[in-house]
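Accompanying notes for the structure given below.
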Amino acid sequence: PAVSEFAAEVGFGVHAKVDGKTVQVGAAHYMEKLGIEVAALAQSAQRLADQARTMVYVAVDGELIGLAAVADPVRPESAAIVTALKKRGLTVAMVTGDQAATANAVARSLGIDEVLAGVLPEGKATEVERLQADGRRVIFVGDGINDAPALARADVGVAIGSGTDVAIEAADAVLMRADLSALRDAIDLARKTHRVIRGNFVWAYGYNVALIPVAAG
């Protein structure tokens, strides 16, 4: 059918005129913003959220008519990478706009320690700042337009090479492989580089301290 007056609200949902009727599609907080009650579908939503699905509610002319459940498949290497990062002494956190039940289900399957759910796009950078205020040094990994502020705010922003140009521009480092194992390799390389720099400094400093008096003599 013909669609007109389409508009999107970032982090909430979309609405449009379809055959003369107003159709609204989006997250639960979008429905709440519109004053549309979603309690009638709470049981179905909870069941699907426990399966790591994200709810998308649909309303027509201000009346809820149903929901759709969508999911991003977890990358096959994700759980192994989370384990590898934790073995390196890192705490792994997920920052997502998904509701808590969905985010927690994914986190459990991957062994992620900390979940920050229901975060709007502009809130990701705020969450990074909050972690930094707690004395943490933050590596933020992202690939979308909404990730750019958080990538720029983090101590180290890491973009995926297959991501958006805005994310790549905001990041400090770019993984050229669309494979999370590249993150593990990048951290190992950075740590090795740091050890070499410190070792060179110690040797150079010690050498000069020992031999400058000789040269002066």
Most fluctuating residue given options VAL141, VAL56, VAL95, as computed from a GNM of the chain linking Cα atoms under 10 Å: VAL56
Local electrostatic count at THR126 - Lys and Arg +1, Asp and Glu -1, tallied over other residues with Cβ under 14 Å: -2
Amide H within-cut-off set for VAL119, under 5 Å, with H built and near neighbours excluded: THR96, GLY97, ASP98
Of all accessible heavy-atom area on segment 89-178, the percent that carbon and sulfur account for (1.4 Å): 50
Share, in percent, of DSSP beta bridges within segment 23-175 that are antiparallel, nearest 5: 50
Paired Rg and Dmax values of the chain, which use every Cα atom, in angstrom: 23.6, 94
Over segment 120-217, equivalent-ellipsoid semi-axes from the Cα gyration tensor in Å: 38, 17, 11
Accessible solvent surface per residue of the chain, calculated while the other protein chains remain in place, 1.4 angstrom probe, Å²: 60
Assigned charges on the beta-carbon of Lys, Arg, Asp, Glu; the chain dipole about Cα centre (debye): 1140
Karplus-derived 3J(HN,Hα), 6.51/-1.76/1.60, for each residue of segment 81-98, Hz, glycine and proline x: 5, 4, 4, 5, 5, 5, 5, 8, x, 9, 9, 9, 10, 10, 10, 8, x, 5
Label-point gap, in nm, between ALA71 and ALA210 - each point 7 angstrom along Cα→Cβ: 6.2
Distance in nm between pseudo-label sites at SER4 and TRP203 (7 Å out along the Cβ direction from Cα): 7.5
Residue-count net charge about ALA171 - beta-carbon cut-off 15 Å; Lys, Arg +1, Asp, Glu -1: -3
Gain upon complete extension [VAL14, GLU63; 0.36 nm per residue less C-alpha separation]: 16.1 nm
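The values are calculated or read from the model by the stated rules, or taken from the named source; none is laboratory data. This is a predicted model, so every value here is computed, not measured. Cβ coordinates were reconstructed from backbone atoms using ideal geometry, including for glycine residues, and neighbour counts include every protein chain displayed. Heads up: the accessible areas ignore ligands, DNA and RNA and are worked out on the full protein's heavy atoms, side chains in. Shrake-Rupley method; radii C 1.70, N 1.55, O 1.52, S 1.80 Å.
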